[in-house]
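**Student:** Before I ask anything, let me first share the structure, which is written out below as structure tokens.
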Amino acid sequence: MSVQANSSLAGNSLAAVIIRGLVKSENGSDMDLHLIRTPPEAQNCVQFVQSRREGVALSEMPARPSSTLPEPGNAVLIVRLKEGLGKGRAGAVHDVEICACSTPFDIPPLVVKVANRDFCDDLSKEAWLYEEMESLQGVAVPRYYGYFLAELPPHAKVASWNRIATTKFPISILLLERLGGKLPLGRPIPQNLQDDLWDVMKDISELHIFNDDIRYDNVLLAPKSPPALPSLVSPYRHRSYGLRLVDFDTAYKINFYPHILVEDHEELIRLILDNVPQGGTVNPSDRD
């Protein structure tokens, strides 16, 4: 008798996530945090520019490419928080251990990005952009499994926050595919990864996304498969990449032609390629 394989977790399979180890109650005991999948809002996600210069801006905002996701699921995933992997302006990223799922999916290694206090709107914006880039998930950006929201009880303590709310307070997360590490500092970047970085940038430009925060910390190696899912082939370059871009909370969609966005991103890519072999991490904010 053959054993039927589980289907892979899709980007919209989960209706809720329960996280253990992220929140403590007022008396210091661990509490499970039950977060509900929530449609992200497009706050400050889109900029429309009217330009008199020919070949700069489209007359209409390009539509979002059609989704290829199945019908939304109602599965509930339970995870346990593990070590922190990094913290930025809008949130902190943590590795998670998968404890259980109400539907038997094949689930790749995952991380959660927990919004910093008062940054739920920024994380919602980032979630909207990941949904906009559905066709590039597993290609140029990590696979995205949803934006989830909950309300904390008064005096609950969140592992990645340095202040405790005295009233009920919102908290949100992104659930993402876990990626590899950063480019090694002080070593030449292999030519294939240099080419990948240029093409990843060109791919997001094809979707009319401008990201002014492309920098060393936000370029990660593709995950190793297995246990991760294999890289997908770019719909534009027709090959897979060894790198991914992350952190889109300051990015936005704009009605510029892709070649204009490539030009606008070019200096950010050169900062990485020129400085990493020298052991440096010059970031966009350091250019002045």
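The values are calculated or read from the model by the stated rules, or taken from the named source; none is laboratory data. Values in this document were obtained by computation on a predicted structure and should not be read as measured data. All Cβ positions, glycine included, derive from the backbone under ideal geometry; neighbour counts span all protein chains shown.
**Student:** So A90 clears everything in (1) farther than 14 Å from L174 by Cβ; (2) at pLDDT below 95; (3) not hydroxyl-bearing (S, T, Y) except one condition, right? Which one?
**Tutor:** Against the list (1) farther than 14 Å from L174 by Cβ; (2) at pLDDT below 95; (3) not hydroxyl-bearing (S, T, Y), A90 comes up short only on (1).
**Student:** So, in the stretch 143-188, how many residues would count as being more than 26 Å from P227 (Cβ to Cβ) and among the aromatic types (F, W, Y)?
**Tutor:** The qualifying residues number 2.
**Student:** Can you tell which of D195, D212 is surrounded by fewer than 19 Cβ atoms within 10 Å (Cβ to Cβ), under 16 Å from the mean Cα position of the chain (by Cα), charged (D, E, K, R) and farther than 14 Å from R244 by Cβ?
**Tutor:** D212
**Student:** Within the stretch 37-68, restricting attention to residues that are of a type in the set (A, V, I, L, M) and loosely packed, with under 13 Cβ neighbours inside 10 Å, which residue is farthest from the chain's Cα centre (by Cα)?
**Tutor:** V49
**Student:** Of the residues L77, L81, L33, L22, only one is assigned to a strand (DSSP E or B), of a type in the set (A, V, I, L, M, F, W, C), out of contact with any Asp or Glu (no Cβ under 7 Å at 6 or more places or on another chain) and closer than 23 Å to E134 by Cβ; which?
**Tutor:** When all the criteria are applied, what remains is L77.
**Student:** Moving to a separate point now. Only one of L174, L183 is touching a Leu at 6+ places or on another chain (Cβ under 9 Å), surrounded by 23 or more Cβ atoms within 10 Å (Cβ to Cβ) and touching a residue at least 40 places away in the same chain (Cβ under 8 Å); which?
**Tutor:** Only one candidate passes the filter, namely L174.
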